Amino acid sequence: MCEEKHWESDQLRRYDLDLKQIPRLRYNDPKVDELIGQNKPVVITDSNIIKTAQENWTPEYLEHNLGNVGHNVFLSKTHKFKYFDRTKMLSRSNPQGIDFVPPTKETKLKIGEFMKKLKEWKPGNDRLYLQQPLNDTVGPSLVRDFVRFDWEYVGQKQNKHNWGPLTSNLLLISQEGNVTPCHYDEQQNFFGQVYGYKRCILFPPSDFECLYPHPVHHPHDRQSMVDFDCPDYTRFPKFKNAKGFETVLKPGDVLYIPIYWWHHVESLMKGGPTISVNFWYKGGPTSLEYPLKDHQKIAITRNVEKMLLEVLQDPREVGPLLRSMVMGRYTE
Ligand code: OGA
Ligand code: FE
């Protein structure tokens, strides 16, 4: 089968990466469950998962139907919107936090204000990215579309693969060309593309060493330290060995992003705004069966880092202790 292509390669940002394609499978293909069962990414096509959104949620519809209250909007001076955790920043209530200047600003905008800024945007202005959990603030029309998602299909996947409860659905309205830099989440994710085109680049948990995550106590916890636009190979030599997979999502596609898989997401350049909605699920209960899975080793690493901070109290002491523990003893 040959699918029509609605975008050009000059709409993709260029990176020094060698990427394979993520498989695209029809929703009822038995291989979908095979891949999800192996914690591997797959693009689910032709499903009704987010059909009601795909049919209705254009920028104009959201402008008129999204609740008339402030929604969470990030502002960035660059095309990158690197997430950060405020609670890990130095402040009066957190004297052990990290001295850190946030790369983006967070504000609340009503949808009308947000859309006006998008339409009137010109180079030099802050870029905008609305990221709002779907809750009772989104208004009755969106709630009606939301309850008509194919909950039977997603619920069946959730049960079959022993995921925990659904924790949230994030609505993302992005300006063209915006990038969510590479990070991993501690949740299973069905990432639904509603409007416009998004390119997703994924890396397996086994690429942990190649992507150099910030320390766990850093506000950029779970984010890669590597700047894909300009990788510093002196600091991050193993980035060359990262084995990535990519896909360009079109409206109606749902990408399974497995828990602990790294992902970089970009709205295509010159493609207009994009709209997505994700489904975040808690991971299932994990049994300690050997050999351990790569993501279980990441969870262990995270816990060791957290434990050290708890006993050392000062995040600046974590690195030196780890170094003296390993250098010359386990380095060979
Ligand atoms: C996610 C995610 C980023 C984006 O859904 O986990 O990282 O820009 N999304 O869509
Ligand atoms: Fe994410």
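Under the condition of being of a type in the set (D, E, K, R) and touching a strand residue (DSSP E or B) at 6+ places or on another chain (Cβ under 6 Å), the residues counted in the range 118-134 number 2.
Does the range 317-330 include one or more residues that are under 24 Å from N189 (Cβ atoms), in contact (Cβ under 8 Å) with a residue 60 or more places away in the chain and not in a strand (DSSP E or B)? Looking through the range 317-330, none of the residues is under 24 Å from N189 (Cβ atoms), in contact (Cβ under 8 Å) with a residue 60 or more places away in the chain and not in a strand (DSSP E or B).
The residue list T78, T52, T58, T45 contains one member that is under 19 Å from the mean Cα position of the chain (by Cα) and not aliphatic (A, V, I, L, M), which is T78. Looking only at residues in the range 253-274 that are of a type outside the set (A, V, I, L, M) and over 23 Å from D294 (Cβ atoms), the one that is nearest to ligand 2 (Cβ to nearest atom) is E266. Of the residues that make up the range 133-147, is at least one away from ligand 1 (no atom under 16 Å from the Cβ), more than 21 Å from K108 (Cβ to Cβ), open to solvent by 40 Å² or more (accessible area, probe 1.4 Å) and touching a Pro at 6+ places or on another chain (Cβ under 9 Å)? No; the residues of the range 133-147 include none that is away from ligand 1 (no atom under 16 Å from the Cβ), more than 21 Å from K108 (Cβ to Cβ), open to solvent by 40 Å² or more (accessible area, probe 1.4 Å) and touching a Pro at 6+ places or on another chain (Cβ under 9 Å). Set side by side, the residues N94, N65 differ, and just one is free of Cβ contacts under 8 Å to residues at least 12 places away in the same chain, more than 30 Å from G284 (Cα to Cα) and open to solvent by less than 50 Å² (accessible area, probe 1.4 Å), which is N94. Of all residues in the range 160-190, those satisfying the criterion of being among the aliphatic types (A, V, I, L, M) and either outside any strand (DSSP E or B) or touching a Ser or Thr at 6+ places or on another chain (Cβ under 9 Å) (or both) are L170, L171, L172, I173, V179. Figure legend. Inter-residue proximity from the range 11-23: first residues touching a residue at least 24 places away in the same chain (Cβ under 8 Å), second residues exposed (fewer than 11 other Cβ atoms within 10 Å of the Cβ), beta-carbon distance below 7 Å, spacing 6+ or different chains. Indicated pairs: Q11/K270.
Taking residues in the range 178-197 that are within 23 Å of A299 (Cα to Cα) and more than 10 Å from ligand 2 (Cβ to nearest atom), and partners anywhere that are part of a strand (DSSP E or B) and at pLDDT below 95, not one pair has Cβ atoms closer than 8 Å while being at least 6 places apart or on different chains. Confirm whether K88 is open to solvent by less than 90 Å² (accessible area, probe 1.4 Å), more than 21 Å from G192 (Cβ to Cβ) and not polar (S, T, N, Q). It is true that K88 is open to solvent by less than 90 Å² (accessible area, probe 1.4 Å), more than 21 Å from G192 (Cβ to Cβ) and not polar (S, T, N, Q). So which residues in the range 117-130 are in a loop (DSSP other than H, G, I, E, B) and either surrounded by 14 or more Cβ atoms within 10 Å (Cβ to Cβ) or in contact with a Pro (Cβ under 6 Å, 6 or more places away or on another chain) (or both), if there are any at all? Result: W121, D126. If only one of V143, V179, V147 is among the β-branched types (V, I, T) and under 23 Å from the mean Cα position of the chain (by Cα), which one is it? Answer to the selection: V179. Of the residues L170, L211, the single one that is within 11 Å of ligand 1 (Cβ to nearest atom) and under 18 Å from W261 (Cβ atoms) is L170.
For (1) part of a strand (DSSP E or B); (2) within 14 Å of ligand 2 (Cβ to nearest atom), each residue gets a yes or a no:
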residue: V216; (1), (2): no, no
residue: C230; (1), (2): no, no
residue: T247; (1), (2): yes, no
residue: P251; (1), (2): no, no
residue: S276; (1), (2): yes, yes
residue: F279; (1), (2): yes, yes
residue: G284; (1), (2): no, no
residue: Y290; (1), (2): no, no
residue: H295; (1), (2): no, no
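The values are calculated or read from the model by the stated rules, or taken from the named source; none is laboratory data. Since we're looking at a predicted model, the values are computed, not measured. Note that each Cβ is placed from the backbone with ideal geometry, even for glycine, and that neighbours are counted across all protein chains shown. Just so you know, the surface numbers come from the protein's heavy atoms only, side chains and all, with ligands and any DNA or RNA stripped out. Shrake-Rupley method; radii C 1.70, N 1.55, O 1.52, S 1.80 Å.
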